[in-house]
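What follows is a short report on a single structure.
The values are calculated or read from the model by the stated rules, or taken from the named source; none is laboratory data. Computed from a predicted model, the values in this text were never measured in an experiment. All Cβ positions, even for glycine, are placed from backbone atoms using ideal geometry, and neighbour counts span all protein chains on display.
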Amino acid sequence: MQRSRRAILLSFSGIDGAGKSTQISALQNRLAEGGFRISLLTFWDDVVVLKRFREAASHGLFKGDQGIGTPEKPLHRRDKNVTSWYLTVVRFCLYLLDALYLNMIVMRALTRNADVVIFDRYIYDELANLSSRHWFTRIYIRLLLKSVPRPDVAFLLDTDPVLARARKPEYPVDFLQTNRVSYLALWKMAGMTVIPPLSALETEQEIMRTMLKKWSGSERPFSCESYQVKSSPSAALDTSHEHRS
């Protein structure tokens, strides 16, 4: 496979329990079957500045649980769901640092030996923690959006907060509902691609349809029913790169 001018940049965002990890894993498998070289980056592990300090401060100040919640072992996290004016100021500063570092991480990832770079969460997932009701916050969000690289496709996986809470019990349903509203408001500002609430398989199919529509014209190298690779998607995607500015 010939090397494209640069890698395709994808991001996956959504409330906790939306199914991001499941869909990223499915997409990785499909792309790998087609001969793509894939680089997966997680926003919290690979981008967030002062990660350990933020984890320790959050746990020490707010006394929330740590780890990943499961139906068998629910957690009660207290971090991004804790709000106050001074925490908003702190988040403004930290998110700015994250945005600056994100620029460097994306630049580095796009020049490495990968055809597709996938972000598990992006700057959007931090900005969704801010209430856009205040004019100053909306200005801040717009400025930060302009300061970071825009993915070729930024997927927003929408879902029912009640079902999301059942899959990944970490935050109260009322917070997830508020967070979902923030994501949907952000979608309009950031130009994200919203995948509506669907089953896992239907979501996987919709993601692939979105990608194929964007890069492969009328050719359809995947079967929506079985998702068996019928022909290599690399040629279709590589050809489409020639038309991008």
Self-check item: Filter result for Y227 (modelled with pLDDT under 95 and not β-branched (V, I, T))
Solution: yes
Self-check item: In segment 36-69, residue surrounded by the most Cβ atoms within 10 Å (Cβ to Cβ) [restricted to those that are hydroxyl-bearing (S, T, Y) and under 17 Å from S25 (Cβ atoms)]
Solution: S39
Self-check item: Scope segment 133-151; condition crowded, with 19+ Cβ neighbours inside 10 Å and either touching a strand residue (DSSP E or B) at 6+ places or on another chain (Cβ under 6 Å) or of a type in the set (S, T, N, Q) (or both); matching residues
Solution: P151
Self-check item: Cβ-Cβ under 7 Å pairs, at least 6 apart or on other chains, segment 63-78 side closer than 8 Å to E170 by Cα, far side in a loop (DSSP other than H, G, I, E, B) and of a type in the set (S, T, Y)
Solution: R77/Y171
Quiz item: From R112, R150, R121, R142, which residue is at pLDDT below 95 and either charged (D, E, K, R) or at positive phi (or both)?
Solution: R112
Exercise. Take segment 57-91 and flag every residue that is closer than 18 Å to A18 by Cα and in contact with an Asp or Glu (Cβ under 7 Å, 6 or more places away or on another chain).
Key: G69, L75, H76, R77
Quiz item: Within the bounds of segment 136-143, is there any residue that is hydrophobic (A, V, I, L, M, F, W, C) and closer than 19 Å to S21 by Cα?
Solution: no
Quiz prompt | R91 being in a helix (DSSP H, G or I) and crowded, with 16+ Cβ neighbours inside 10 Å | solution = yes
